Amino acid sequence: MTGNDARLAAAAANFATDGTVESITRYGDGHINATYLVTTDTNRYILQRMNADVFPDTAGLMHNIELVTEFLAQRGQETLIIIRTHDGATYADTDSGAYRMYAFIEDTISYNLVTDAAVFREAGAAFGDFQNQLADFDASQLTETIAHFHDTPHRFEDFKAAVAADPLGRADRCREEIAFFMDRADQYPLIVDDLEQGRIPLRVTHNDTKLNNILMDATTHKARAIIDLDTVMPGSMLYDFGDSIRFGASTALEDERDLHKVHFSTDLFRAYAEGFVGRMRPSITDREGELLAFAGNMMTMECGMRFLADYLVGDTYFAIRYPEHNLVRARTQIKLVREMEEKAGEIRAIVDDVMSGGAR
Ligand code: ADP
Ligand code: GN1
Ligand code: MG
């Protein structure tokens, strides 16, 4: 047993699992938490070492998740099930960090790439349902787990600071990519300003709606549960719509190195919009409807500048598998934004059609 195995075994032992732990292995493709599959002789669980740099207020974070999962479960929605510690706590503080455990949601798949538009339409419907379900959740109960999470102008300030500091001398290798984000500075306030001025409503949103944060039934391909509830906070539905589009309306993985494979698919955009708007149409305001066509651009620019900033400062935020990983990710985001810009007219026409009830 390695030191790490021993630490994980000790962490898992805090939780009230059924059966005897047989194995603990690394699991999934999240960029933030360290996720493990725990197998006992009778059951399976997810063990996560929470990222304390990203989420410093562990208690606040877990309280949010407790409230949101209870609220969803009461409405009959399958959701994350928190496995408590032997002391009844929602997480365990150990020498090697704070851990939590969830029941493993069996017989599901999560996708890193959309291979079938129907899956993406289903994801849209599930995230639409999520917002509808949380419409009467009292948002004042929620802790803001990451301040300014989708405040794009704020993200841009961080990005400029990273460029200015350039602690590893990496900026020279990505002047074009840096210029891409500098050139679009006038676009960043669009959604946050509307929220601040009350032109669009503040809702309870997921804020991290990439496709691998939703589990689909392995047999029926219907959405089962929305996971990764760490960033459920007050926000705009445009964040949730836009972030799903950023990740799922691409023809390639988020970290595809061959940019010839990376395209923005208007067919996939339409599929997601049909699913999401199909569930939310009655509550979408005129202004939200107008901004839907731009939400994907905004969230993709924001995520792209976050990846590039992280590359510049030495990869302190997103987990990487090789030194240029964050730069590769930033480049796919740039390619997607360029194509969204080229296809803006078509995207707008799809939104108008879907908003007026059109579906193919
Ligand atoms: P991160 O914040 O690092 O993205 P996630 O909470 O999204 O971490 O978990 C990472 C991955 O682990 C998910 O994309 C999913 O594949 C898997 N996963 C997480 N929780 C569960 C669960 N309860 N049941 C099954 N799979 C899960
Ligand atoms: C992170 O946690 P994960 O891997 O689902 C990040 C998102 C980014 C995403 C990019 C808390 O999501 O904001 O959009 O990576 N989550 C956090 O893939 O920063
Ligand atoms: Mg995740």
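The values are calculated or read from the model by the stated rules, or taken from the named source; none is laboratory data. All of these numbers come straight from a predicted model, not from anything done at the bench. FYI the Cβ positions are ideal-geometry reconstructions off the backbone, even for glycines, and counts take in every protein chain you see.
Computed values, structure above
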{"read-out": "Condition met for PHE294 (of a type outside the set (D, E, K, R), away from ligand 3 (no atom under 16 Å from the Cβ) and under 30 Å from ASP107 (Cβ atoms))", "value": "no"}
{"read-out": "Single residue of the range 13-30 satisfying the filter (surrounded by 15 or more Cβ atoms within 10 Å (Cβ to Cβ) and of a type in the set (A, V, I, L, M)) that is nearest to ligand 3 (Cβ to nearest atom)", "value": "ILE24"}
{"read-out": "Flag for THR316 being among the β-branched types (Val, Ile, Thr), in contact with a Lys or Arg (Cβ under 9 Å, 6 or more places away or on another chain) and touching a residue at least 12 places away in the same chain (Cβ under 8 Å)", "value": "no"}
{"read-out": "Conditions (1) surrounded by 14 or more Cβ atoms within 10 Å (Cβ to Cβ); (2) part of a loop (DSSP other than H, G, I, E, B); (3) more than 16 Å from ligand 1 (Cβ to nearest atom); number of the one not met by PHE149", "value": "(3)"}
{"read-out": "Scan of the range 43-79 for residues that are within 11 Å of ligand 1 (Cβ to nearest atom), polar (S, T, N, Q) and touching a residue at least 24 places away in the same chain (Cβ under 8 Å), ordered by number", "value": "GLN48, THR69, THR79"}
{"read-out": "Qualifying residue in the range 48-56 (condition: part of a strand (DSSP E or B) and within 24 Å of the chain's Cα centre (by Cα))", "value": "yes"}
{"read-out": "Matching residues in the range 30-46 - criterion: being in contact with a strand residue (DSSP E or B) (Cβ under 9 Å, 6 or more places away or on another chain) and within 16 Å of ligand 2 (Cβ to nearest atom)", "value": "GLY30, ASN33, ALA34, THR35, TYR36, ILE46"}
{"read-out": "Any chance ALA125 is small (Gly, Ala, Ser) and under 19 Å from the mean Cα position of the chain (by Cα)", "value": "yes"}
{"read-out": "From ASP310, ASP315, residue being part of a helix (DSSP H, G or I) and under 25 Å from ALA161 (Cβ atoms)", "value": "ASP310"}
{"read-out": "Pairs, first under 16 Å from GLN77 (Cβ atoms) and in contact (Cβ under 8 Å) with a residue 24 or more places away in the chain in the range 208-229, second within 9 Å of ligand 1 (Cβ to nearest atom) and part of a helix (DSSP H, G or I), C-beta under 8 Å, six or more apart", "value": "ILE226/ASN213; ILE227/ASN213; ASP228/ASN213"}
{"read-out": "Residue check, ASP230 crowded, with 22+ Cβ neighbours inside 10 Å, farther than 21 Å from MET340 by Cβ, within 16 Å of ligand 2 (Cβ to nearest atom) and of a type in the set (Asp, Glu)", "value": "yes"}
{"read-out": "Any hit, the range 233-250, residues being surrounded by fewer than 20 Cβ atoms within 10 Å (Cβ to Cβ) and assigned to a strand (DSSP E or B)", "value": "yes"}
{"read-out": "Members of the range 11-36 that are modelled with pLDDT of 95 or more, part of a loop (DSSP other than H, G, I, E, B) and among the charged types (D, E, K, R)", "value": "ASP18"}
{"read-out": "Total residues in the range 162-181, condition surrounded by 13 or more Cβ atoms within 10 Å (Cβ to Cβ) and without any contact (Cβ under 8 Å) to a residue 60 or more places away in the chain", "value": "0"}
{"read-out": "Verdict on THR40 being among the hydroxyl-bearing types (Ser, Thr, Tyr), surrounded by fewer than 18 Cβ atoms within 10 Å (Cβ to Cβ) and within 14 Å of ligand 1 (Cβ to nearest atom)", "value": "no"}
{"read-out": "Number of the exception - PHE127 against (1) within 16 Å of ligand 3 (Cβ to nearest atom); (2) surrounded by fewer than 21 Cβ atoms within 10 Å (Cβ to Cβ); (3) among the aromatic types (Phe, Trp, Tyr)", "value": "(2)"}
{"read-out": "Test result for ASN33, near ligand 1 (Cβ under 8 Å from one of its atoms) and either of a type in the set (D, E, K, R) or under 17 Å from ALA103 (Cβ atoms) (or both)", "value": "yes"}
{"read-out": "Residue check for PHE269: assigned to a helix (DSSP H, G or I) and within 16 Å of ligand 2 (Cβ to nearest atom)", "value": "no"}
